[in-house]
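FYI, it's all coordinate maths here, none of it is from the lab. A quick note: this is a predicted structure, and the numbers were derived from the prediction, not measured. Heads up, the Cβs are rebuilt from the backbone with ideal geometry, glycines too, and the neighbour counts pull from every protein chain shown.
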Amino acid sequence: MRLLVATTNRDKVREIRSLLEASPVDLVALSDLPPVSEPEETGETFEDNARLKARYYAAHSGMLTVAEDSGLVIDALDGEPGVRSARFLRPDASYPERFAAIFERLAARADRPRTARFVCALAVIDGQDIAFETTGTVEGVIAQAPAGTGGFGYDPIFYYPPYNATLAEVEEHEKLAVAHRGQAFRALAKWISALART
Ligand code: ITT
């Protein structure tokens, strides 16, 4: 079974390859196919955007395709950056700039809790149809300052209380064991195993 992993984000590709390492599938990356422009992520939910991306790349490739949409939801900022996590502030803003903007906005709402979650909605499209869907989330707190050099994106400001560390301060396997993408792709791995047995 071949499965197109439809993401342009290299950090996601690395995590997904590791999470599906033991699954009986041949993973194909977008970089293995002729280049196509990226779809516009017009959905208002992670689930809508995951379906939209998987449908788009499945139509282009003719392959069984998985896509995921993920991001950081901060309660005190009414869910921002949310589905706009990759574009927050400006599409080319650096993460330190984004962290500074988040800290500033949180400081203006110091009465609110700093609770947050990472969300990963995953969709598999077979032809036109949704073959499998799942959503993973991990609960945490926005740190007082960035810490750690591992992971990617917002990991340095995502403090995970059970580890007493941010997700950028732990080993990759420790992040994958608890985080949103790990949950979603482990559910996908179960679905693949069940399919492979039929
Ligand atoms: P594709 O759409 O091509 O998959 P993308 O990076 O644009 O790539 P998203 O629209 O799903 O993907 O945006 C995800 C953003 O959410 C990502 O760029 C990070 O800013 C943030 N994010 C998602 N998962 C994360 C994680 O595990 N750790 C830190 N930040 C994460």
- Item | Phi-based couplings in Hz for region 109-114 (Karplus 6.51, -1.76, 1.60; Gly and Pro marked x) | 10, 4, 6, 8, x, 9
- Would you please give the FRET efficiency between Phe152 and Thr198, computed as 1/(1 + (r/R0)^6) with r the Cβ-Cβ distance and R0 = 45 Å, to the nearest 0.05? 0.80
- Message: If you average 1/r across every pair of different Cα atoms in region 25-111 and take the reciprocal, what Kirkwood value do you get, in Å?
- Response: 15.0
- Message: Output wanted: per-residue J couplings in Hz (rounded whole) for region 181-198, from phi through Karplus 6.51 cos²θ - 1.76 cosθ + 1.60, θ = phi - 60°, x for Gly and Pro.
- Response: 5, x, 4, 5, 7, 5, 5, 5, 4, 5, 4, 5, 4, 5, 4, 5, 7, 7
- Kirkwood Rh and Cα Rg combined as Rg over Rh, evaluated for region 86-198: 1.06
- Task: Quantify how much of the Cα-Cα distance distribution of the chain extends past 23 Å, in percent.
- Result: 44
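So for each of 109-119, 25-35 I average, over its residues, the number of other beta carbons within 10 Å; can you give me the resulting order with the highest mean first? All intermediate terms of the calculation are to be shown ahead of the outcome.
Numbers: 109-119: 15.6, 25-35: 12.9.
Result, highest mean first: 109-119, 25-35.
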- 3J(HN,Hα) from dihedral phi, region 96-106, Karplus parametrisation 6.51/-1.76/1.60, rounded to Hz, x for glycine, proline: x, 5, 5, 4, 4, 5, 5, 4, 5, 5, 5
